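Take a look at the structure set out below.
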């Protein structure tokens, strides 16, 4: 049973408020031989379920759940046409007829749920994380350990035949179409760019030759599948790497693709090796819609805008203003499979908004783990976790309204338990609320908004400014302790000096820092505090033009790859980011976002020191030992970001016969981990 078909308690009543709030977004799109129910594409995203035949029933449930949520068209994660094209060893590929059967599980489930789905054909090229990779030229990528083998002319022809074969098998499996992956630095993109194509034969040299591979793939696939089959081409409209394509080249390719019978052109932004953020939460919403808008002036077929679109109002504006004909969202459908349905019902406040953190989706995939979602841990686990009404409703107290407490309270109440949530402060969110004050993390407020709406909807008694007492908790059947963490203050001589500020007081605005600052601790919190103190241009997180200036993107795309000089605003403060360990600062940051934070701070002039010992803090500043030599940092303030400790004050005084469940930071402090906290709260809520 998928989550959407489950029975739910009667208290969850839908209250539509405005059925026509997004008329352009929800308008059907006529493709000639078929019609899409709305202008929303669920973009391709690897989940890990594509890679094993035994997981295709899970993949089918995952896509069917999104089809039930009324998305207009979906695209699978990348399926390669042969082993040489693998993303990594044993990743999903479709070359043989016996493999069709597993894919029919997906297409039948989606069609039964009233949806449409295309299969993405992706050839990894030099991005293949294995020793069998092939590419136009034998040039190793900076993000893989293997040098690819340069394709011979016969090898190129074999890859073309395999593209066609895979498209035909996808058609046989019941897909409504295919997406040809021509962006992000994969094989087709590698043929197009001077950066990776150094050939001197008919497949290299002038652009007319470099684009031949993309055109031949498209032409042969269209001839093979016939006219009534969707072909999406994912066109790299902004490479964001040196020696990438120019705008004139991109437009020329787009026009040729249109003439060859492509149904839709999807926007690709950046290569994986690019040093420009393209999907992280610090990127402005719809920050690259201007690229699609430029291409629309040159083409007549429908174009799809993509990247950092996570709100129906933003998506509506893109369509209504003519920037694109469709919008692509991938991670937002991990966060909420009912995104489109809630928009249609006029309930945008109930959407579980994607916060673009990458922590449970892309970071998982790059670690060879199954993708899921920080704010929705049920994603990609549709066959394993379901929200079922409880047979025995109980009175349950949840103490602490951080991510763990909110997710537990929401899930318990959704199942029919009578839940009371105690929070000593006057706000929901805990450390998550604090994190929302960090530049580039304003999206975190949406998660708090979502949980607040859901808890109200399911009747949670939210008691803010209320400390849970032992006496009060005795009246409950069970207690969930989600009391979170408190900052760890290291025993450094002078730690009580007026110069010292603990991070939570700084981030909450209770204390202000001076012009010279030392930050003790270079983990996630230390980097967040450094971002906060070094930021001088907050518009960069909301204004695409400011973002382009900051990160060196040429809005006219006159240069090869669309890059120009970066103009990072210097820090208004002199900042030292310190750690005891000798390892690279920020080693614990997210795999797909850590580089952004390190690069951003470096460009702002933040200094890092590793392998230091803290001697003392006094009027002169912070005294250190570095490389066995004394070092004084004459700072105005020392910010303590030295980790956290669990808060379990209630645990020793609760009655022995009262069932108590400890989750979130109260269970394990360490690095602040909202992903684990929300997952713990949700799974506990499903279990009790």
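The values are calculated or read from the model by the stated rules, or taken from the named source; none is laboratory data. Since this is a predicted model, take the numbers as computed values, not measurements. Here Cβ is always computed from backbone atoms with ideal geometry, including for glycine, and neighbour counts include all displayed protein chains.
Hey, residue 454 hits all of (1) assigned to a strand (DSSP E or B); (2) in contact with a helix residue (DSSP H, G or I) (Cβ under 8 Å, 6 or more places away or on another chain) but one; which does it fall short on?
(1)
Of 543, 554, 477, which residue is touching a residue at least 24 places away in the same chain (Cβ under 8 Å) and over 30 Å from residue 659 (Cβ atoms)?
543
Looking at segment 119-141, is at least one residue under 25 Å from residue 340 (Cα atoms), touching a helix residue (DSSP H, G or I) at 6+ places or on another chain (Cβ under 8 Å) and assigned by TED's automatic domain parsing to the domain that holds residue 42?
So far as segment 119-141 goes, yes, one or more of its residues are under 25 Å from residue 340 (Cα atoms), touching a helix residue (DSSP H, G or I) at 6+ places or on another chain (Cβ under 8 Å) and assigned by TED's automatic domain parsing to the domain that holds residue 42.
Is it true that residue 551 is within 28 Å of residue 247 (Cα to Cα) and crowded, with 18+ Cβ neighbours inside 10 Å?
Yes, satisfied.
Tell me the residue from 176, 216 that is under 12 Å from residue 118 (Cα atoms) and modelled with pLDDT of 95 or more, please.
Of the residues listed, the single one that is under 12 Å from residue 118 (Cα atoms) and modelled with pLDDT of 95 or more is 176.
In segment 196-219, is there at least one residue being outside any helix (DSSP H, G or I) and within 20 Å of residue 258 (Cβ to Cβ)?
yes
Tell me the residue from 350, 297 that is surrounded by fewer than 24 Cβ atoms within 10 Å (Cβ to Cβ) and either touching a strand residue (DSSP E or B) at 6+ places or on another chain (Cβ under 6 Å) or free of Cβ contacts under 8 Å to residues at least 12 places away in the same chain (or both), please.
None of the others qualify; the one that does is 297.
Would you mind stating whether residue 405 is part of a loop (DSSP other than H, G, I, E, B) and either modelled with pLDDT of 95 or more or surrounded by fewer than 24 Cβ atoms within 10 Å (Cβ to Cβ) (or both)?
Spelling it out, it is not the case that residue 405 is part of a loop (DSSP other than H, G, I, E, B) and either modelled with pLDDT of 95 or more or surrounded by fewer than 24 Cβ atoms within 10 Å (Cβ to Cβ) (or both).
Looking at (1) within 24 Å of residue 431 (Cα to Cα); (2) assigned to a loop (DSSP other than H, G, I, E, B), which one does residue 557 not meet, given that it meets all the others?
(1)
Could you run through segment 525-554 and say how many residues are over 20 Å from residue 598 (Cα atoms) and assigned to a loop (DSSP other than H, G, I, E, B)?
3
I'm trying to understand the selection: among the residues of segment 121-134, which are within 28 Å of the chain's Cα centre (by Cα) and either surrounded by 24 or more Cβ atoms within 10 Å (Cβ to Cβ) or without any contact (Cβ under 8 Å) to a residue 24 or more places away in the chain (or both)?
If the condition is that a residue be within 28 Å of the chain's Cα centre (by Cα) and either surrounded by 24 or more Cβ atoms within 10 Å (Cβ to Cβ) or without any contact (Cβ under 8 Å) to a residue 24 or more places away in the chain (or both), then 121, 122, 123, 124, 125, 126, 127, 128, 133 are the ones that fit.
Are any residues in segment 145-180 under 16 Å from residue 127 (Cα atoms) and either buried (at least 20 other Cβ atoms within 10 Å of the Cβ) or more than 28 Å from the chain's Cα centre (by Cα) (or both), and if so, which ones?
147, 148, 149, 150, 151, 159
Go through segment 408-451 and count every residue that is in a loop (DSSP other than H, G, I, E, B) and touching a strand residue (DSSP E or B) at 6+ places or on another chain (Cβ under 6 Å). If you could, list the steps in order and put the result at the bottom.
Initially, segment 408-451 is screened for residues in a loop (DSSP other than H, G, I, E, B), giving 415-417, 423-430, 436-443.
From the residues that got through so far, the ones that are touching a strand residue (DSSP E or B) at 6+ places or on another chain (Cβ under 6 Å) too are 417.
Residues meeting the conditions: 1.
Return the residues of segment 241-293 that are on the phi > 0 side of the Ramachandran plot and surrounded by fewer than 24 Cβ atoms within 10 Å (Cβ to Cβ); say none if nothing qualifies.
Within segment 241-293, 243, 261, 286 qualify.
Just checking, does segment 34-46 include any residue being modelled with pLDDT of 95 or more, outside any loop (DSSP other than H, G, I, E, B) and in contact with a helix residue (DSSP H, G or I) (Cβ under 7 Å, 6 or more places away or on another chain)?
So far as segment 34-46 goes, yes, one or more of its residues are modelled with pLDDT of 95 or more, outside any loop (DSSP other than H, G, I, E, B) and in contact with a helix residue (DSSP H, G or I) (Cβ under 7 Å, 6 or more places away or on another chain).
Looking at segment 635-661, which of its residues are more than 24 Å from residue 487 (Cα to Cα) and exposed (fewer than 13 other Cβ atoms within 10 Å of the Cβ)?
Correct list: 655, 656, 657.
Kindly evaluate residue 258 against the criterion of being in the same structural domain as residue 128 (by TED's automatic domain parsing), in contact with a helix residue (DSSP H, G or I) (Cβ under 8 Å, 6 or more places away or on another chain) and within 30 Å of residue 116 (Cβ to Cβ).
In short, no.
Say we look at segment 562-573 and pick out the residues that are crowded, with 19+ Cβ neighbours inside 10 Å and in contact with a strand residue (DSSP E or B) (Cβ under 8 Å, 6 or more places away or on another chain); which of these is farthest from residue 609 (Cα to Cα)?
My answer is 562.
Which count do you get for residues in segment 206-240 that are on the phi > 0 side of the Ramachandran plot and buried (at least 16 other Cβ atoms within 10 Å of the Cβ)?
1
Listed here are the residues, each with its yes/no results for (1) touching a helix residue (DSSP H, G or I) at 6+ places or on another chain (Cβ under 8 Å); (2) closer than 25 Å to residue 364 by Cβ.
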| site | (1), (2) |
| --- | --- |
| 286 | yes, no |
| 303 | yes, no |
| 313 | yes, no |
| 322 | yes, no |
| 325 | yes, no |
| 328 | no, yes |
| 334 | no, yes |
| 338 | yes, yes |
| 342 | yes, no |
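Give 581, 591, 626 a once-over and let me know the one that is surrounded by fewer than 16 Cβ atoms within 10 Å (Cβ to Cβ) and touching a helix residue (DSSP H, G or I) at 6+ places or on another chain (Cβ under 7 Å). Quick ask: steps written out before the conclusion?
Numbers: 581 fails: touching a helix residue (DSSP H, G or I) at 6+ places or on another chain (Cβ under 7 Å); 626 fails: touching a helix residue (DSSP H, G or I) at 6+ places or on another chain (Cβ under 7 Å).
When all the criteria are applied, what remains is 591.
When segment 491-516 is examined, which residues are found to be under 15 Å from residue 642 (Cα atoms) and touching a helix residue (DSSP H, G or I) at 6+ places or on another chain (Cβ under 8 Å)?
503, 504, 506, 507
Mind telling me which of the residues 653, 647, 635 ends up being over 36 Å from the mean Cα position of the chain (by Cα) and closer than 24 Å to residue 505 by Cα? If you could, list the steps in order and put the result at the bottom.
Details: 653 fails: closer than 24 Å to residue 505 by Cα; 647 fails: over 36 Å from the mean Cα position of the chain (by Cα).
Being over 36 Å from the mean Cα position of the chain (by Cα) and closer than 24 Å to residue 505 by Cα holds for just one of 653, 647, 635, which is 635.
Considering each of 658, 624 in turn, give the residue that is without any contact (Cβ under 8 Å) to a residue 60 or more places away in the chain, over 33 Å from the mean Cα position of the chain (by Cα) and either assigned by TED's automatic domain parsing to the domain that holds residue 680 or assigned to a strand (DSSP E or B) (or both).
624
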